[in-house]
1. Please enumerate the residues belonging to the stretch 121-135 that are outside any loop (DSSP other than H, G, I, E, B) and either surrounded by 15 or more Cβ atoms within 10 Å (Cβ to Cβ) or outside the structural domain of residue 183 (by TED's automatic domain parsing) (or both).
2. Could you check the stretch 205-318 for helices (runs of 4 or more DSSP H) lying wholly inside it with 3 or more residues that are more than 30 Å from residue 82 (Cβ to Cβ) and in contact (Cβ under 8 Å) with a residue 60 or more places away in the chain?
3. Given the structure, is residue 146 closer than 17 Å to residue 249 by Cβ and either surrounded by 15 or more Cβ atoms within 10 Å (Cβ to Cβ) or not assigned by TED's automatic domain parsing to the domain that holds residue 179 (or both)?
């Protein structure tokens with residue numbers, strides 16, 4: 001029978017702690033340091049939860065209730081019936097179509113104009129700083145003020161500048177309501193697109209552009225092969241942020257067309273406002289809000305994955 005020898009750990013010397021104790025103290029110090037770094041952020045976190053998540057949870061709760069404020073005592077649980085009624089509502093589907101159309105058209109038109117302006121402002125010329133400031137100005141104006149400016153000075157059928165230029169008597173807001181709203185939103189958001197794209201243009205390597213010129217590449221070839229791939233991340237970021245903001249457009253529609261004529265220019269935020277504050281239907285308006293939030297999260301998640309994948313590819317990360 002073979003005997004096995006067991007090694008015994010030496011006891012710690014006087015005044016020294018054991019390795020286990022030192023490891024525990026290190027973990028405790030690390031956790032304490034983490035909480036000290038996070039402590040200044042706790043008030044902001046609590047504020048964000050209070051003003052966003054709690055109201056959203058209440059909205060989800062009300063979406064399962066049948067509750068109209070003009071009928072006191074009518075509140076009762078109806079389950080998913082509000083959601084069924086929302087998708088069966090033809091006006092909701094029309095507002096959804098208007099929202100998608102308005103968002104897509106405004107994002108791509110503003111991005112195209114912003115790209116052209118960024119290419120012009122990337123060149124050196126006398127007064128470039130003044131021109132850049134003037135182009136940024138529409139983005140600095142409050143959306144409500146911008147909507148009123150376009151309604152009273154541009155689209156007015158009697159005193160509007162558009163009728164003065166074209167020599168017509170067109171009532172733009174009545175005959176072309178959604179196109180008029182799109183024009184104002186594009187005017188408002190083009191400077192934002194231009195700033196993002198201009199940042200991308202100014203971050204590209206000048207040595208690469210000079211090498212392309214030495215190799216005989218023309219301006220269009222250089223733009224298509226070098227500049228545009230460099231701008232892909234910035235274009236995706238501009239499209240994502242622009243879509244998130246434009247899909248929630250309310251000021252222009254409320255102040256310029258009131259969703260009309262009829263429902264021709266009604267989008268989802270304005271339709272939810274109508275059902276909640278004009279129709280006093282808390283249950284269905286809450287269900288519409290939840291549906292819009294879920295749709296927005298799905299689209300934003302998909303767009304963010306595409307954008308992160310583009311950043312990873314460009315940085316050489318698999």
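The values are calculated or read from the model by the stated rules, or taken from the named source; none is laboratory data. These numbers were taken from a predicted model, which means no experiment stands behind them. For neighbour counting, all protein chains shown are included, and Cβ atoms are generated from backbone atoms with ideal geometry for every residue, glycine included.
1. The first filter runs over the stretch 121-135 and keeps only residues outside any loop (DSSP other than H, G, I, E, B), leaving 121, 128-135.
The answer is 121, 132, 135.
2. Those helices (runs of 4 or more DSSP H) span 228-246, 282-314.
3. On the way: closer than 17 Å to residue 249 by Cβ: yes; either surrounded by 15 or more Cβ atoms within 10 Å (Cβ to Cβ) or not assigned by TED's automatic domain parsing to the domain that holds residue 179 (or both): yes.
So residue 146 fits the description; yes.
Conditions tested, residue by residue: (1) surrounded by fewer than 14 Cβ atoms within 10 Å (Cβ to Cβ); (2) in a loop (DSSP other than H, G, I, E, B); (3) in contact (Cβ under 8 Å) with a residue 60 or more places away in the chain.
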| residue | (1), (2), (3) |
| --- | --- |
| 84 | yes, no, no |
| 102 | no, no, yes |
| 116 | yes, no, no |
| 165 | yes, no, no |
| 168 | yes, yes, no |
| 186 | no, no, yes |
